[in-house]
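Here's the structure we're looking at; comments come further down.
The values are calculated or read from the model by the stated rules, or taken from the named source; none is laboratory data. Here the structure is a predicted model, which means the values were calculated and not measured. Positions of Cβ are backbone-derived with ideal geometry, glycine not excepted, and every protein chain shown enters the neighbour counts.
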Amino acid sequence: MSPNQRRPLVGGNWKMHLLRDDAQRFCGTLLAGGVLPADVVIFPSCTLLQTVADALSDSEVGCGGQDIHPEERGAHTGDVSGSQLVDAGCSWVLCGHSERRQDHGESDDLIRQKALSALRYGLTPLICVGETHSERQAGRTFETLERQLRAALTEGPATFTLAYEPIWAIGTGETATPEIAQEAHAFLRGLLAEMLGDIAADAKRILYGGSVNPQNAADLISKPDLDGFLVGGASLDPEKFLAIIRSCGSDS
Ligand code: PEP
């Protein structure tokens, strides 16, 4: 169980997986899981947003986009705007996931613009930061996290949630140890305190992402600055995802 007062949040990032039937079945199983000890949000591909949002509409579980274009509309083939996400039933959006930073060359400044655009439409941006393996090896983890966080928040969104996702742990099966994750989360919370003040920093949820599974979730969430998870691979199986969510509760 999370030892702090912040209610845990668990996000499921489906990336480019699943079809509509899978999504329907997933939502049915998730909702049959009863009362959950965490806030939950699912981030499906664009083609599944409406299906997931409709299936979850009578529940507390949220739906979010995996990306957002900074502009309202225009000639941006393949992109999606904040108003389109809201129209599909979203209340959240991922900003700066490392796969977007790497596959699409997204800069720190673009991520700030995307987060600002999210807020204009009432979407909560879930801003992802994290270092590469070589940055960690070179002792540059904190420098990378500080650069990403300051770039996202300086003249950036007033409302957001943060995810620490070390790139070397994403989809690799190599999870950060609870101690490594806690060290990074405490560092990020310290930076938030400098930028936003102690009260705001203390209230802010910081999620951990990187090969979270039902076996390692309880140890990770026991750390004081971990407030939940952003889950990729294990979020595709509703039973595993439910087990991770339940690990955030007092009776886990
Ligand atoms: C992610 O995509 O944000 C993620 C953490 O993936 P995985 O859980 O598969 O490492």
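Which residue, of Lys204, Lys240, is modelled with pLDDT of 95 or more, of a type in the set (D, E, K, R) and within 13 Å of the ligand (Cβ to nearest atom)?
The match here is Lys240.
Against the definition (surrounded by fewer than 21 Cβ atoms within 10 Å (Cβ to Cβ) and under 26 Å from Val212 (Cα atoms)), how does Leu94 come out, yes or no?
On the way: surrounded by fewer than 21 Cβ atoms within 10 Å (Cβ to Cβ): no; under 26 Å from Val212 (Cα atoms): yes.
So Leu94 does not fit the description; no.
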- [ ] Answer yes or no as to whether Leu119 is within 21 Å of Asp39 (Cα to Cα), within 16 Å of the ligand (Cβ to nearest atom) and under 17 Å from the mean Cα position of the chain (by Cα).
- [x] no
Open item on the list: For the list (1) within 16 Å of the ligand (Cβ to nearest atom); (2) over 26 Å from Ala38 (Cβ atoms); (3) crowded, with 21+ Cβ neighbours inside 10 Å, I need the number of the one condition that His133 fails.
Closed with: (3)
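Residues checked against (1) under 24 Å from Ile111 (Cα atoms); (2) surrounded by fewer than 21 Cβ atoms within 10 Å (Cβ to Cβ); (3) in contact (Cβ under 8 Å) with a residue 40 or more places away in the chain:
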site: Leu149; (1), (2), (3): yes, no, yes
site: Ala163; (1), (2), (3): yes, no, yes
site: Phe187; (1), (2), (3): yes, yes, yes
site: Gly197; (1), (2), (3): yes, yes, no
site: Ala201; (1), (2), (3): yes, yes, no
site: Leu220; (1), (2), (3): no, no, yes
TODO: Inspect all residues belonging to segment 8-30 and state whether any of them is surrounded by 13 or more Cβ atoms within 10 Å (Cβ to Cβ), more than 27 Å from Pro178 (Cα to Cα) and aromatic (Phe, Trp, Tyr).
DONE: yes
Task: Hits in segment 203-212 - residues which are out of contact with any Gly (no Cβ under 9 Å at 6 or more places or on another chain) and surrounded by 15 or more Cβ atoms within 10 Å (Cβ to Cβ) - done: Lys204
Open item on the list: Looking at the structure I just gave you, is Thr172 in contact with a Phe, Trp or Tyr (Cβ under 7 Å, 6 or more places away or on another chain), within 27 Å of Ser222 (Cβ to Cβ) and of a type in the set (Ser, Thr, Tyr)?
Closed with: no
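Can you tell me which residue within segment 2-12, out of those that are out of contact with any Asp or Glu (no Cβ under 8 Å at 6 or more places or on another chain) and more than 16 Å from the ligand (Cβ to nearest atom), is nearest to Ile244 (Cα to Cα)? Working first, answer last.
So in segment 2-12, the residues out of contact with any Asp or Glu (no Cβ under 8 Å at 6 or more places or on another chain) come out as 3, 5, 11-12.
Imposing the further condition that a residue be more than 16 Å from the ligand (Cβ to nearest atom) reduces the set to 3, 5.
Working: Pro3: 16, Gln5: 19 Å.
Residue satisfying both the conditions and the ranking: Pro3.
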Open item on the list: Could you check segment 226-237 and list, in sequence order, the residues that are crowded, with 23+ Cβ neighbours inside 10 Å and either more than 9 Å from the ligand (Cβ to nearest atom) or more than 17 Å from Glu165 (Cα to Cα) (or both)?
Closed with: Leu226, Asp227, Gly228
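Among residues belonging to segment 165-192 that are acidic (Asp, Glu) and within 16 Å of the ligand (Cβ to nearest atom), point out the one that is farthest from Gly228 (Cα to Cα). Steps first, please.
Within segment 165-192, the subset acidic (Asp, Glu) is 165, 174, 179, 183.
Right, trim to within 16 Å of the ligand (Cβ to nearest atom) and you get 165, 174.
Working: Glu165: 12, Glu174: 18 Å.
Selected residue: Glu174.
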Task: Every residue from segment 13-37 that is within 30 Å of Ile199 (Cβ to Cβ) and within 16 Å of the ligand (Cβ to nearest atom) - done: Asn13
TODO: Using the structure shown, decide if Ala158 is surrounded by fewer than 17 Cβ atoms within 10 Å (Cβ to Cβ), more than 29 Å from Met16 (Cα to Cα) and either at pLDDT 95 or above or within 12 Å of the ligand (Cβ to nearest atom) (or both).
DONE: no
TODO: Just one of (1) surrounded by fewer than 17 Cβ atoms within 10 Å (Cβ to Cβ); (2) over 21 Å from Arg7 (Cα atoms); (3) more than 16 Å from the ligand (Cβ to nearest atom) trips up Glu60, so point out which.
DONE: (2)
